[in-house]
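Below: the structure, in structure tokens.
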Amino acid sequence: MPVLSLRETNGKALQSNLDFWIDMDTMILRISTQSMSAILSEHHSLKNLSTLRLDATARYFADIREEDGLREIFSFVREHALPYLVIGGWSNMIFAFDEFPGVIIRTNLKGWSIDTNKHLHVCAWELVTPVSIALERDHGVPIFDRWFGLPGTFGGGIAGNAGCFGLEMSRYFVSCRVYDVDHDNFSMLTASDMCFDYRTSLLKSHPELVAVSAEFDLSTDFDQDRYRRGVEFRQLKQPKGFTCGSFFKNPPGDYAGRLIEAAGLKGTRIGGAEISLLHGNFFLNVDNASWQDVLALWDLAKETVREKFGIELIPEVRIVRNAS
Ligand SMILES: Cc1cc2nc3c(=O)[nH]c(=O)nc-3n(C[C@H](O)[C@H](O)[C@H](O)COP(=O)(O)OP(=O)(O)OC[C@H]3O[C@@H](n4cnc5c(N)ncnc54)[C@H](O)[C@@H]3O)c2cc1C
């Protein structure tokens, strides 16, 4: 396979101790020739990666194949002082840039097991719903009442303390192994370290901590009634289409969706972005929306609710601007 050194082909190439080159068949910039533990692409399109399907690119996109690749990529990040963003299923973030100036990092690291005490040991980049289905089908561990239909990965779920119908990740969380980007080392965090709260955790406020794997205690009982209500909610209330779930956190004692609906905004459209007619807290990309359309709709909802009800809506989704 013909390859060219990036330094030879591009005068502006970054200087690095790492071995990287362009694969001329795929035009992919590759890193770490020996192990192929990570692949870097330049000006990588992000359109199909996020559940909202917004159009943008990343200066560098890293696809990690082995755990060593994580260290290699972060060594590259540190060496060039680049901004970075770690993604899971990208179902809870919107971006506000045409090109992210640093490295967006995704991994293909997978794997999970369940022990005799019904403790789940899972790689942070496993998707929650397929693992939940397999746990119930193959291991008799009913989990649907807890995370039924939750999109995204365990890592993203832990970072945002995701949950359905009052049962958040924190309720079952035992520990997680994290990589500390700043110090280039791994450590274990237990529930008491994690500062879990409504849709947040230590990882959300410390993006330099990357969850690599986690343990959950799933030995508690299955709640049939909660499961039934969950199915009903997803079927009747949750809009289908390109979205990233609830945009705003529910304010104490109320619901963001109810407030947006009461403000008369359901169905409002700016460019290709629309507030769902089914649920006021779901914004949809209905026709090639730009990130500017989505943020304009977001500002409109926030300001209208503030004017009409005096309530400040706080974002649940993470808005990623030019640097993390
Ligand atoms: C249709 C739909 C329904 C939804 N329903 C719900 C719901 O019922 N309840 C709910 O809570 N959410 C819901 N969401 C939102 C979202 O799916 C969850 O918050 C999910 O847990 C996010 O996981 P993710 O892997 O997609 O994270 P991403 O969106 O990729 O990332 C979210 C945050 O986590 C960080 N992160 C990701 N992986 C790691 C890691 N390994 N280590 C450290 N940080 C990491 C990111 O940097 C980012 O800050 C819904 C979304 C959609 C589209």
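The values are calculated or read from the model by the stated rules, or taken from the named source; none is laboratory data. Keep in mind the model is a prediction, meaning the values are calculated, not measured. Neighbour counts run over all protein chains shown; Cβ positions are idealised from the backbone, glycine included.
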(request) Any chance you could count how many residues in the range 94-137 are touching a Cys at 6+ places or on another chain (Cβ under 6 Å) and charged (D, E, K, R)? (result) 1
(message) Criterion first (within 13 Å of the ligand (Cβ to nearest atom) and either of a type outside the set (Lys, Arg) or assigned by TED's automatic domain parsing to the domain that holds LEU203 (or both)) does SER75 satisfy it?
(response) no
(request) State the number of residues belonging to the range 100-131 that are surrounded by 14 or more Cβ atoms within 10 Å (Cβ to Cβ) and either in contact with a Pro (Cβ under 7 Å, 6 or more places away or on another chain) or not hydrophobic (A, V, I, L, M, F, W, C) (or both). (result) 8
(request) Output the number of residues of the range 242-261 satisfying the condition of being loosely packed, with under 15 Cβ neighbours inside 10 Å and in contact (Cβ under 8 Å) with a residue 40 or more places away in the chain. (result) 1
(request) Could you list, in sequence order, all residues of the range 190-216 that are small (Gly, Ala, Ser) and assigned to a loop (DSSP other than H, G, I, E, B)? (result) SER201
(request) Identify the single condition in (1) within 15 Å of the ligand (Cβ to nearest atom); (2) free of Cβ contacts under 8 Å to residues at least 12 places away in the same chain; (3) not in a loop (DSSP other than H, G, I, E, B) that PHE233 does not satisfy, given that it satisfies every other one. (result) (2)
(message) Name the residue that is surrounded by the fewest Cβ atoms within 10 Å (Cβ to Cβ), counting only residues in the range 140-189 that are in contact (Cβ under 8 Å) with a residue 40 or more places away in the chain and part of a strand (DSSP E or B).
(response) VAL174
(request) Output yes when any residue across the range 151-173 is near the ligand (Cβ under 7 Å from one of its atoms), over 13 Å from the mean Cα position of the chain (by Cα) and closer than 20 Å to LEU127 by Cα, and no when none is. (result) yes
